[in-house]
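Notes follow once the structure below has been shown.
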Amino acid sequence: MKIVLLGPPGAGKGTQAKFISEKYSIPHISTGDIFRKNISEKTPLGVKAKSYLDAGKLVPDEVTIDIVKDRLSMKDCKNGFLLDGFPRTVNQAEALDLFLNGKGEQIDTALLIDVPKELILERMTGRRVCPSCGASYHIKFNPTKVKGKCDACGADVIQRKDDTESTVKDRLDVYGKQTQPLIGYYEKQNQLSKVDGTGEIDKVFERVINVLGAVGK
Ligand code: ADP
Ligand code: AMP
């Protein structure tokens, strides 16, 4: 399966991606995670990306597209992949199509996790992440078993710097202007599928499985 996950920041893409990638045995590729790892390791890419992430703005396409192409060229993507947070602009989507078409491939679906704007702010400001293994939690909706400690690896969970109320508002603005048009882009290509992203995490996953099971049938 070659899947693109769409949806506003805070829709639950990363949360669902973890389950989808396990079920279909495909790598979960999050451009946000790639940037954060590079920032924490202070690599040249991290130095370039930091100011954009801090401000809730998009890292320029020319940087982001090459990173994804390199990642998709790795062996573990042979049987499919799950892209989370990419593409985020029409330009990125076109570059992805071009890259895959060049190999005689295309995505199976762009799956939109649909969550109304009113729910997003609470989801994002309550998000806590593990800086060590990338697991994502929520103080109210998906708390860690031991307060402040990652269930998976025991590291201290943190709040992302860009999950504060004012940056979340900027990110939602960026989403509306630059990423939402992708819904129409994939709809036109008959590649869009949709799930209701409200309700409990495992209920959303059930819906995801149903929708993915129907893709291509
Ligand atoms: P995204 O990757 O789309 O930005 P995340 O998967 O990190 O979003 O989810 C954002 C926040 O919302 C996290 O704190 C996560 O635990 C929480 N969350 C995810 N799915 C749900 C859900 N169905 N109901 C309530 N909270 C959720
Ligand atoms: P995320 O983890 O998906 O919420 O992404 C966090 C931040 O990383 C975004 O606010 C952007 O600054 C940057 N980012 C992630 N993916 C992309 C992308 N496809 N294009 C540009 N910037 C991105």
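The values are calculated or read from the model by the stated rules, or taken from the named source; none is laboratory data. Just so we're clear, the structure is a prediction, and the values are computed from it rather than from any experiment. Backbone-built Cβ (ideal geometry, glycine too); neighbour counts: all protein chains shown.
What the table shows:
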{"read-out": "Matching residues, segment 149-167, being of a type outside the set (D, E, K, R) and either within 18 Å of ASP84 (Cβ to Cβ) or free of Cβ contacts under 8 Å to residues at least 12 places away in the same chain (or both)", "value": "ALA152, GLY154, SER166"}
{"read-out": "Scope segment 154-173; condition assigned to a loop (DSSP other than H, G, I, E, B) and either under 25 Å from LYS117 (Cβ atoms) or at pLDDT below 95 (or both); matching residues", "value": "GLN159, ARG160, THR164"}
{"read-out": "Cβ pairs under 8 Å, 6+ apart, first in segment 170-185 and closer than 12 Å to ALA110 by Cβ, second in a helix (DSSP H, G or I) and among the β-branched types (Val, Ile, Thr)", "value": "LEU182/VAL90; TYR185/VAL90"}
{"read-out": "Boolean, SER21 is closer than 28 Å to ILE209 by Cα, among the hydroxyl-bearing types (Ser, Thr, Tyr) and free of Cβ contacts under 8 Å to residues at least 40 places away in the same chain", "value": "no"}
{"read-out": "Count - residues of segment 126-140 that are over 16 Å from the mean Cα position of the chain (by Cα) and within 9 Å of ligand 1 (Cβ to nearest atom)", "value": "4"}
{"read-out": "Output for segment 186-217, where each listed residue is within 16 Å of ligand 2 (Cβ to nearest atom) and either touching a Cys at 6+ places or on another chain (Cβ under 8 Å) or not in a loop (DSSP other than H, G, I, E, B) (or both)", "value": "TYR186"}
{"read-out": "Residues of segment 127-139 satisfying the condition of being part of a loop (DSSP other than H, G, I, E, B) and at pLDDT below 95", "value": "CYS130, PRO131, SER132, CYS133, GLY134, ALA135"}
{"read-out": "Among the residues listed as GLY134, GLY104, the single one being on the phi > 0 side of the Ramachandran plot and in contact (Cβ under 8 Å) with a residue 60 or more places away in the chain", "value": "GLY134"}
